[in-house]
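J.: I have a structure here, written as structure tokens, and I will follow up with some questions on it.
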Amino acid sequence: MDEVNGIISVIKPLQWTSMEVVRRMKRLTGQKKIGHAGTLDPQATGVLPICIGQATRVMEYLVDSPKTYRGLIHFGVSTDSYDAMGQVTETNDPSRVTKEDISAALEKYTGVFNQIPPMYSALKKDGKRLYDLARAGIEVDRPPREVEIYNVEITNWDSPEVRLDIECGRGMYVRSLAYDLGVDLGCGAHLKELIRLHSGPFDISNSVTMEQVEEACQNDNWRSLLYPIDFPLMKFKAAIVQRDKEEAIRRGEGIYLGIPSIDSSPNDMYRLYSVDGAFLALINPSNVKGLWHAQKVFKLRSIS
């Protein structure tokens, strides 16, 4: 079977792991090279970009891209996993908590801050997954990590539950945010529901369910669900090169584009295309004025 290249934005079902989605996609499509761009917990649903073929090489840009979540936090009940799937560790009366209290508590979590990740997470400690240690009854120190919330909004307050829309950067755990708010407000809390609404350029409104993927595979038209490999890279500028420079890039050589490269930052990366529209490479500036080198080269006959 020919390799297919592209991205399908899937709505991950409740109770599925992200890797279960990947395994199902492999069986349905017959493609071997498939990965997901950003883990969602089994309890969470929403946007999970599935990268196929050479699109797996752009997963890092999706993982690093901003995400938007809608989370429902329940006050008064704490769990060991910080979500509804965990064992209850403490209960308290949350009736004194007001919307104003929550809004004030959220202020210190807007912007860059340090967050301690939950024990029930896929992070590793000495080569072992934290969730495996947690299931064995072992708790270890987790160093705080710098994370960022760009914007957080209370969209509904119905005591003892608050619904938040959160736009954040990579590595921010909404479960940990729920736990920390519970500690701050003195009553405990856990994350009851979570939906990822956006992941980079992918929105839940332009994503498909696993049932739709299965139907498309049965009808042998699942390729129509694919976004091109360069879709998540549109934040980078683009350049088109003639055949001689295309061949130089494929040989691993630097090329001159007539674009200044000295003192350029990684954000000055360019998408490179052939004259017939094929996506060739991602290129970075070098230390030589005007000379650019490929960071990633793609073997595509046309935009996939």
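Each reported figure results from applying straightforward, stated rules to the coordinates on display, with no laboratory input. These numbers come from a predicted model, not from an experiment. Positions of Cβ are generated from backbone atoms using ideal geometry, with glycine treated the same way; all protein chains shown enter the neighbour counts.
J.: So what J values fall out for segment 36-42 if you push phi through Karplus, 6.51 cos²θ - 1.76 cosθ + 1.60 with θ = phi - 60°, rounded to Hz, Gly and Pro as x?
T.: 10, 10, x, 5, 10, 4, x
J.: A further question follows. Pick out, in residue order, every one of the trypsin sites (Lys or Arg not before Pro) in segment 1-92 that is DSSP loop and has at most 13 other C-beta atoms within 10 Å; say none if there are none.
T.: Lys32
J.: What's the long-distance tail for segment 1-156, i.e. % of Cα pairs beyond 21 Å?
T.: The proportion of pairs with Cα distances above 21 Å equals 60 percent.
J.: Would you mind computing, in nm to one decimal, how far apart the modelled labels at Asn221 and Glu161 are, each placed 7 Å from Cα along Cα→Cβ?
T.: In this crude spin-label approximation the distance works out to 3.8 nm.
J.: Something else about it: Given an 8 Å cut-off on Cα distances and at least 6 residues of separation, report the relative contact order of segment 236-297 as a percent.
T.: The value is 38 percent.
J.: Give, as a single signed number, the net charge of other residues whose beta carbon lies under 12 Å from the beta carbon of Val47, with Lys and Arg counted +1 and Asp and Glu -1.
T.: +3
J.: Could you pull out the pairs from Lys33/Lys299; Lys26/Lys235; Lys237/Lys289; Lys235/Lys289 whose alpha carbons sit more than 20 Å apart here?
T.: Lys26/Lys235; Lys235/Lys289
J.: Take the Cα atoms of the chain, find their three principal axes, and give me the spread along each one in whole Å, biggest first.
T.: 71, 51, 39
J.: Shifting gears a bit: Determine the sum of side-chain charges near Lys245: Lys and Arg each +1, Asp and Glu each -1, restricted to other residues whose C-beta is under 11 angstrom from that of Lys245.
T.: Computed value for this residue: -1.
J.: Run the reach check for Lys99 against aspartates and glutamates, Cα to Cα strictly under 15 Å, same-chain hits fewer than 8 apart removed. What comes back?
T.: Straight-line reach from Lys99, under 15 Å: Glu107, Glu153, Asp158, Glu161, Asp165, Asp184.
J.: Quick one: length gained pulling Thr89 to Glu247 fully straight, 0.36 nm per residue minus the C-alpha distance?
T.: The span from Thr89 to Glu247 would gain 50.7 nm if fully extended.
J.: Helix 174-184 versus the longest principal axis of the chain: what is the Cα-based angle in degrees, 0 to 90, to the nearest 10?
T.: Helix 174-184 sits at roughly 30 degrees to that axis.
J.: Compute the relative contact order of the chain as a whole-number percentage, counting only Cα pairs closer than 8 Å that sit 6 or more residues apart in sequence.
T.: 20
J.: Straight-line reach only, C-alpha to C-alpha below 12 angstrom: list the aspartates and glutamates that Lys245 could link to, leaving out same-chain residues fewer than 8 apart.
T.: Glu253
J.: Could you derive backbone 3J(HN,Hα) for segment 144-155 from the dihedral phi with the Karplus parameters 6.51, -1.76 and 1.60 (θ = phi - 60°), listing whole Hz in sequence and x where the residue is Gly or Pro?
T.: Using θ = phi - 60°, the values come out as x, 10, 6, 10, 9, 10, 7, 7, 9, 9, 7, 9 Hz.
J.: While we're on this one: Got the relative contact order for segment 13-78 handy, in percent, Cα pairs under 8 Å and 6 or more residues apart?
T.: 30
J.: Where both residues lie in the chain, what percent of DSSP beta bridges are antiparallel, nearest 5?
T.: 85
J.: What residues qualify as long-range amide H neighbours of Lys125, i.e. H under 5 Å apart, gap of 5 or more or another chain, H built at 1.01 Å from N?
T.: Result for Lys125 returns Leu130.
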